[in-house]
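The values are calculated or read from the model by the stated rules, or taken from the named source; none is laboratory data. Worth saying up front: this structure is predicted, and the values here are computed from it rather than measured. Here the Cβ positions follow ideal geometry from the backbone for every residue, glycine too, while neighbour counts run over all protein chains shown. Each accessible area value is taken on the protein alone, full model and side chains, heavy atoms only, with ligands, DNA and RNA left out. Shrake-Rupley method; radii C 1.70, N 1.55, O 1.52, S 1.80 Å.
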Amino acid sequence: MKRRILNIACIGAGYVGGPTMAVIADRCPHVSVTVIDLNEARIAAWNSDALPVYEPGLDEVIRRTRGRNLRFIPQREGAAAVAAADAVFISVNTPTKTQGAGAGKASDLGYVEACARYIAEHALGHTIVIEKSTMPVRAADTIKRILATSPRVGTFDVLSNPEFLAEGTAIRDLEKPDRVLIGGETPSAVDALAEVYAHWVPDQAILRTGLWSAELSKLAANAFLAQRVSSINAISALCEVTGAQVEEVAKVLGTDTRIGPKFLKASVGYGGSCFKKDLLSLVYLCEFYGLTEPAAYWQSVQDLNEWQKRRFAHMAATHAKKQGGVVAVLGLAFKKNTNDFRESPAIDICNHLLAEGVRLRLQDERVDPHTFGAVLVDDHKAGFDFFSEVAEAVRGADAILVLTEWDQYTTLDWRKLSTVAAPGVMIFDGRTVVDLVAASAARLPVFTVGIGAAK
Ligand code: NAD
Ligand code: UGA
């Protein structure tokens, strides 16, 4: 039977649910889209001018769609939207488990299971349930089992449609995806979802696979991306001690068409809410199936990332403590163009510095300082302060760390900044964004990841 999706509900109004549904509503004006969340403050923010997610281009898409065919409602009002929906996306968080079997590695499917129960309770007729969240392979079995307990006389199909957007470029990624992946067992359900995307995604970019391949492909894609960052970061350390320059090496690697130029930027370590949790989920799956060597291989990608953050923090702390022990940290977001700092390298680095008794002066272009401050651990009471201006943050600093590649940091006036920083200040550039010529003209020494010290 040919099915058509005209009514969509999405559970989870986060970094994925909000932007993804906004783009679907934008590209499919004939489809009615309702986004539901337990977090009422988040829903209120989606309905305001201060959206809870910062993404270039998101404001415009929301302006075109909200109140037309897109609405955001609290979950206590969501039952009717689920009952009316032809398709329900599950787009809730799937964090690492903190207790029980697999704690510290396996994905916590508690939020997903709660969604499946909610759908089972309220769905009517035939409903296509779509995994948009990143799930461990075979999670669809769990969802199907819960849906089978539905007290209603409804029927269900379960599809896996993982999201590949990256934060900071979410709207561009959603509007022009490399591919859309749909895994499923029922061709009519797969076709119905493909028809939604076909309104703006070329047919050849809509990939159809089995359910388990789709679930595993998402974990594998993030693991491959994280592995590239760890690989170039491993090379960055070798560059620093040999005189090779990581950007030159990356350029050479990237011109090999088999390797390609993207994701070869040395850094202070990758961050973000997904790479670590998805790698650990993959490690857990390998261990679960007795695949010890593959588990160790993927674990090493994460271990290298932790090492990169630690060694950078240690270098900066050592320098700062020889002087007055004050460090300015420029950049708290895990990458530029987002207000997200989940698993940002800045968190571990700041905590390491605080543990060394260093006093921090923090600045970012988008991150909310109060929520960032809440994740810091300051047992030594070294203390930290937030500043909205770079010039204020670097006042009296013995070390200046650049931890996010915000465009603003590429054009800093180092001559001016050198007049407010402490004498003997050193810049530690964890993103290769500092203008070395300008810093040198201001007589500021710079340590750049993958290059080493330049005076
Ligand atoms: P998020 O934490 O920003 O949003 C999840 C939302 O779900 C929250 O607002 C939370 O209140 C809500 N929620 C949780 N349980 C609920 C329930 N039972 N009922 C209603 N609402 C509920 O998370 P996110 O960054 O949007 O990620 C969601 C999923 O997408 C994760 O599995 C993640 O791995 C995956 N993913 C994320 C990204 C990204 O860039 N952030 C990209 C691709 C895939
Ligand atoms: C990543 C993937 O790129 C998305 O495809 C995926 O959908 C998403 O995870 C997810 O599942 O959540 P995201 O984490 O938003 O997206 O951002 P990335 O651009 O991948 O950057 C991740 C981290 O790696 C950042 O801290 C970034 O600074 C770092 N990075 C990236 C490097 O250090 N070097 C690089 O060359 C690239």
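Within the set E175, E167, the sole residue that is under 23 Å from the mean Cα position of the chain (by Cα) and farther than 22 Å from M135 by Cα turns out to be E175. Within region 72-106, the set of residues being among the basic types (K, R) and within 24 Å of the chain's Cα centre (by Cα) comprises K97, K105. For D49, the criteria (1) open to solvent by less than 30 Å² (accessible area, probe 1.4 Å); (2) over 18 Å from the mean Cα position of the chain (by Cα) hold in every case but one, which is (1). Within region 305-324, restricting attention to residues that are in contact with a helix residue (DSSP H, G or I) (Cβ under 9 Å, 6 or more places away or on another chain) and open to solvent by less than 40 Å² (accessible area, probe 1.4 Å), the residue that is farthest from ligand 2 (Cβ to nearest atom) is A320. Selection of region 340-354 for residues being away from ligand 2 (no atom under 12 Å from the Cβ) and open to solvent by less than 40 Å² (accessible area, probe 1.4 Å) yields I349, C350, N351, L353, L354.
Could you say which residue among A393, A442 is under 30 Å from S230 (Cβ atoms) and among the small types (G, A, S)?
Details: A442 fails: under 30 Å from S230 (Cβ atoms).
Only one candidate qualifies: A393.
The set of residues from region 1-22 being in contact with a Leu (Cβ under 8 Å, 6 or more places away or on another chain) and crowded, with 24+ Cβ neighbours inside 10 Å comprises V16, G18, P19, T20, M21, A22. Annotation: of all residues in region 262-282 being more than 8 Å from ligand 2 (Cβ to nearest atom) and basic (K, R), the one that is nearest to T96 (Cα to Cα) is K277.
Residues that are out of contact with any Pro (no Cβ under 8 Å at 6 or more places or on another chain), assigned to a loop (DSSP other than H, G, I, E, B) and farther than 20 Å from T155 by Cα within region 171-209 comprise K176, P177, D178, R179, A198, H199, W200, P202, listed in sequence order. Within region 143-162, not a single residue is open to solvent by 50 Å² or more (accessible area, probe 1.4 Å), touching a residue at least 12 places away in the same chain (Cβ under 8 Å) and more than 27 Å from A80 (Cβ to Cβ).
Of all residues in region 403-444, those that are over 26 Å from S344 (Cβ atoms) and of a type in the set (S, T, Y) total 3. A single entry from R415, R395 fulfils the requirement of being in a loop (DSSP other than H, G, I, E, B) and open to solvent by 30 Å² or more (accessible area, probe 1.4 Å): R395.
Within region 272-292, the residues that satisfy the criterion of being of a type outside the set (V, I, T) and free of Cβ contacts under 8 Å to residues at least 24 places away in the same chain are C286, Y289, G290, L291.
Among the residues in region 211-226, are any within 16 Å of ligand 1 (Cβ to nearest atom), open to solvent by less than 30 Å² (accessible area, probe 1.4 Å) and either at pLDDT below 95 or not in a helix (DSSP H, G or I) (or both)?
no
For I171, the requirement of being in contact with a strand residue (DSSP E or B) (Cβ under 8 Å, 6 or more places away or on another chain) and β-branched (V, I, T) is not met.
When you go through I36, I73 one by one, which is the residue that is assigned to a strand (DSSP E or B), in contact with a helix residue (DSSP H, G or I) (Cβ under 9 Å, 6 or more places away or on another chain) and open to solvent by 10 Å² or more (accessible area, probe 1.4 Å)? Testing whether each residue is assigned to a strand (DSSP E or B), in contact with a helix residue (DSSP H, G or I) (Cβ under 9 Å, 6 or more places away or on another chain) and open to solvent by 10 Å² or more (accessible area, probe 1.4 Å) leaves just I73.
The residue of region 177-194 that is surrounded by the fewest Cβ atoms within 10 Å (Cβ to Cβ), among those that are of a type in the set (D, E, K, R) and within 16 Å of ligand 1 (Cβ to nearest atom), is D178.
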